[in-house]
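Structure, as structure tokens:
The values are calculated or read from the model by the stated rules, or taken from the named source; none is laboratory data. These numbers come from a predicted model, not from an experiment. When we count neighbours, we look across all protein chains shown, and the Cβ atoms used for this are built from the backbone with ideal geometry, even at glycine. With ligands, DNA and RNA removed, areas are computed over all heavy atoms of the protein, side chains included. Shrake-Rupley method; radii C 1.70, N 1.55, O 1.52, S 1.80 Å.
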Amino acid sequence: ARFPSAPHSRPMLSLQNSYDLEEVRAFDTRMRRELDVANVVYTVEPKMDGVALALRYRDGRLDAALTRGDGQRGDVITRNARTIASVPDRLAAGWERVFPGPVRAFEARGEAYLPLSWFAKLNAAREEEGLDPLANPRNATAGTLKTLDAEEVRRRRLAAVFYQLFPLDPPAPELPSHRAELAALAQLGLPVNPILLVAGDLAEVEAHLDDLAARRHELDYQTDGAVIKVDDGEWQRRLGATAKAPRGALAYKFAAEEAVTVLE
Ligand code: IVH
């Protein structure tokens, strides 16, 4: 048995990657040139190493949940998504007021993940039962979302955070900025990452990247970098996207850490 697949409301794209500050500087130069502005406000947030998830709500109720699939079509895993404790099945009255215009249906996109603390406990329990350990949180999350037994999925206690929100029906105005988008998601009762840094210029972006790299091990989820986004929604739309990724966002991969062995 398998999950049915369905088309995405709009493609689920990837992100442009960068691996050093030179590439981040080139991105900022490109943004300022393409937008023809002296300065751009960016948001900087952790890049969650989870599994992409799209939720559709209609009339205040969770209507469908899709995995990324090939980016054009995803697997419909609605029953499994309903088992994620932080994903509301019904939104609180007044949810419509979060949008600038009248909206009956919208989509929220983000990542499902296994908190590291819980992943460690799951593996300890598996060991006691003589089961093979789960290789890593990301694969365990992907495997869990594709499990056919929803009660088994519930026991895995997945978490999720959301970072994208757009109206589906009727096609209404979008949120004016990424900050507004995250605030609206939180108002809808969807979980968002509490870490959101705002940078007024390139120097602040660089400082935030350092900050996130230093804090990455304090987080209860796996992260392999940061995502830098042009905050202004109108500018994002003007920048558009390639076939693969939006032009107004950049993933910055942290340098892989080398394990050090001390011989005594
Ligand atoms: S924004 C068009 N923000 O990383 C995609 N993505 O490698 C816009 N991801 O496809 C996504 N953390 O699944 C965004 N804070 C974050 C993210 C994030 C993880 C994922 C997302 C994306 C993939 C690209």
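For the chain, modelled as a GNM whose springs connect Cα atoms under 10 angstrom apart, the maximal fluctuation among ALA142, ALA203, ALA186 occurs at ALA203. Overall, the ratio between the Cα radius of gyration of the chain and 2.2 N^0.38 Å, rounded to two decimals, is 1.05.
Run through the DSSP bridge list for the chain and note the antiparallel percent, rounded to the nearest 5.
95 percent
Between the amide H of GLY74 and those of ALA6, HIS8, distances stay under 5 Å, these residues lying 5 or more places away or on another chain, with hydrogens modeled in the peptide plane. When Rg and the Kirkwood Rh are both derived from Cα coordinates, the Rg/Rh ratio for the range 1-129 amounts to 1.06. Tally up the carbon and sulfur contribution to the accessible surface of the range 187-227 as a whole percent, 1.4 Å probe, everything protein left in place. For the range 187-227, the apolar C and S fraction of the accessible surface comes to 51 percent.
The lysines within cross-link reach of LYS244, meaning a Cα-to-Cα straight distance under 28 Å and a gap of 8 or more places when in the same chain, are LYS47, LYS146, LYS229, LYS253.
A straight line joining the Cα centroids of the range 181-209 and the range 74-142 runs 20 Å.
So what is the relative contact order for the range 124-264, in percent, with contacts set as C-alpha pairs under 8 Å and at least six apart?
Reported as a whole number, the value is 17 percent.
The residues of the range 94-249 have, on average, 49 Å² of accessible surface per residue, using a 1.4 Å probe with all protein chains present.
Converting phi to 3J(HN,Hα) with the Karplus coefficients 6.51, -1.76 and 1.60 and the offset θ = phi - 60°, the range 132-144 yields 5, x, 6, 5, 7, x, 5, 5, 5, 5, 4, x, 5 Hz in sequence order, with x at every glycine or proline. Evaluating 6.51 cos²θ - 1.76 cosθ + 1.60 at θ = phi - 60° for every residue in the range 209-226, the Karplus couplings come out as 4, 4, 4, 5, 4, 5, 8, 4, 7, 8, 8, 8, 8, 7, 9, 10, x, 10 Hz, glycine and proline recorded as x. The charge dipole of the chain, taken about its Cα centre with unit charges on the Cβ of Lys, Arg, Asp and Glu (plus for the first two, minus for the last two), comes to roughly 1220 debye.
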